[in-house]
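Here's the structure, in structure tokens; my notes come after.
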Amino acid sequence: MTLEYFYLKFKSKKECIEFIEDLEWSDTPFCPYCNSERFTNLKDEKRYHCNNCNNSYSVTVGTIFHKTKIDLQKWFYVIHLLLNSDEQFSSRSLAKEIKTTKDTAHRIITEIKKALIKNNSLIEKIKKSEQQR
């Protein structure tokens, strides 16, 4: 799979967020701060307001995608590469492939590897969903 494949499969940030929501929440969003399921949809794209603790949130809070400025399609592509390849990727070669700086590529690799070491449930769910394709 190529980076272009991920941009074709997930055409927008909203589609990426919906994919993560399906993996993490199934049907009902819950607040990552207090675990309440009492929420109000915000007008902002795929954000919610907790009616219990008054925080606003999206499904990315507390994940490796939280506050990222990098396209989620690029994150998904790098996760795919790391999960399905035996070869090591240098930050420079990955940066060239995903069209970012070497430092950004290094940060993405580091965050994904940390999540894999912690047996991050979201990474495992992404891995499972890929295996089902």
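Some points to look at:
- Put simply, the range 65-133 fits an ellipsoid with semi-axes of 19, 13, 12 Å; these come from the alpha carbon gyration tensor as the roots of five times its eigenvalues, largest first.
- Gain in span if fully extended, Lys96 to Leu42, counting 0.36 nm per residue against the direct Cα distance: 15.8 nm
- Relative contact order for the chain, counting Cα pairs under 8 Å that sit 6 or more residues apart, in percent: 20
- Bins of 10 Å, starting at 0 and running to the largest distance - Cα pair percent for the range 12-69: 24, 60, 16, 0
- Computed from the Cα positions only, the extents of the chain along the three principal axes stand at 46, 27, 27 Å, in decreasing order.
- Extending 7 Å from the Cα toward the beta-carbon at both His66 and Glu87 defines two label points whose distance is 3.4 nm.
- Using the rule -39500 (n - 2.57) for each DSSP H run of four or more residues, divided by the residues of the chain, the 222 nm mean residue ellipticity is -15500 deg cm²/dmol.
- The fewest-to-most ranking of Leu116, Leu122 by surrounding Cβ atoms within 10 Å reads Leu116, Leu122.
- Point-charge dipole on Cβ atoms (K/R +1, D/E -1) for the chain, about Cα centre, debye to 20: 400
Throughout, read-outs are computed from the coordinates displayed, never taken from laboratory work. Everything numeric here is computed off the predicted structure, so don't read it as measured data. Don't worry about glycine lacking a Cβ; one is built from the backbone with ideal geometry, like all the others, and counts go over all protein chains shown.
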